[in-house]
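Input: a single structure, listed below in structure tokens.
The values are calculated or read from the model by the stated rules, or taken from the named source; none is laboratory data. Every value quoted in this text rests on a predicted model; they were computed, and no experiment measured them. Here Cβ is always computed from backbone atoms with ideal geometry, including for glycine, and neighbour counts include all displayed protein chains. Protein only, heavy atoms only, side chains kept; ligands, DNA and RNA dropped before computing areas. Shrake-Rupley method; radii C 1.70, N 1.55, O 1.52, S 1.80 Å.
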Amino acid sequence: MEIIRVSHFFRKKSGDASSILGILAPMQREFSESQPELMDLPDQDEAALRNDLEHLARLNRTFGGRKAVETMFHKLADRTRKLLLIDLASGYSDHGRNLIRLSKERQHDVTIVAVDFQFQTLQIARKATSPDQKMFFVQADARKLPFRNKAADLAFCSLALHHFAEKDALAVLREMARIGRFGTACVDLVRSRLAAFCIWMLTTFLIRDPMVRHDARLSVRRAFTSGEMKSLARQAGWPNLKQVKFFWFQQGVLARVEA
């Protein structure tokens, strides 16, 4: 069993009796390619991986991840009723399926191309997708996509950027700018000691699945701060950049390409 001391989340200042407030202090990003999230490893037990992906989908519904992606979509998809959206590092594709459902309710025609590097994950996502939904699955590296320039109307990356090292995250954002004709959007976690502490509490007392516990705790420590996320998007050349903050330690950046 993993044991984490609560003091891990706090920074103590010598001689400061109120050092408990160090939970609000900045937190360095903890990213190591030698310590990946379990869901990123190849040849996982299929049942365990599916269970992990389903848990994450429920967490997205409960803690606002799904709503954050919807918000970014509506900010960019208000100009046309027919769209092709490429969803990078799509995972279980629950965000894509939800966007298709919402679009149907609004009588919009949206096609999703779900891109993920893990073939096993794509297989599970495809099985979870109804045949009548306009969703296609492509195994590809989000850092170097097999699509031509401006291949899609919109390019999204939803709660996945923290899976990448900084240089690779920058490459993903650049690829999004290259393929997105009308706009791009990225939603992800926000790194902080408070977020890490809340995730630890959640996965200690409510969520006991070993893979979910490991990946959730690691994810928040690998996430970018709001300033880092905005800086990366600027470096990637996103035009008319806007940043949106959401509840439950989530954030988003979007760029609308003006005609």
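Taking A142 as the residue in question, decide whether it is in contact with a strand residue (DSSP E or B) (Cβ under 7 Å, 6 or more places away or on another chain), modelled with pLDDT of 95 or more, small (G, A, S) and part of a loop (DSSP other than H, G, I, E, B).
Yes, satisfied.
Among the listed residues V172, V187, which satisfies the condition of being of a type outside the set (D, E, K, R), open to solvent by less than 30 Å² (accessible area, probe 1.4 Å) and not in a helix (DSSP H, G or I)?
Selected residue: V187, the only one of V172, V187 that is of a type outside the set (D, E, K, R), open to solvent by less than 30 Å² (accessible area, probe 1.4 Å) and not in a helix (DSSP H, G or I).
Look through the stretch 207-218, keep the residues that are open to solvent by 10 Å² or more (accessible area, probe 1.4 Å) and not in a loop (DSSP other than H, G, I, E, B), and return whichever of them is farthest from C186 (Cα to Cα).
P210
Filter the stretch 95-125 down to residues that are without any contact (Cβ under 8 Å) to a residue 40 or more places away in the chain, open to solvent by less than 50 Å² (accessible area, probe 1.4 Å) and part of a helix (DSSP H, G or I) and give me whichever is nearest to A140 (Cα to Cα).
This residue is L122.
Report, by residue number, each residue of the stretch 220-243 that is under 26 Å from E54 (Cα atoms) and open to solvent by 10 Å² or more (accessible area, probe 1.4 Å).
Hit for the stretch 220-243 is R221, nothing else.
Have a look at P146, P210, P131 and point out the one that is within 20 Å of S34 (Cα to Cα) and more than 18 Å from the chain's Cα centre (by Cα).
P210 is the lone residue from the list that is within 20 Å of S34 (Cα to Cα) and more than 18 Å from the chain's Cα centre (by Cα).
Could you tell me whether E30 is over 27 Å from I199 (Cβ atoms) and charged (D, E, K, R)?
no
Please go through the stretch 22-48 and pick out each residue that is open to solvent by 60 Å² or more (accessible area, probe 1.4 Å) and either of a type in the set (S, T, N, Q) or at pLDDT below 60 (or both).
If the condition is that a residue be open to solvent by 60 Å² or more (accessible area, probe 1.4 Å) and either of a type in the set (S, T, N, Q) or at pLDDT below 60 (or both), then Q28, S34, Q35 are the ones that fit.
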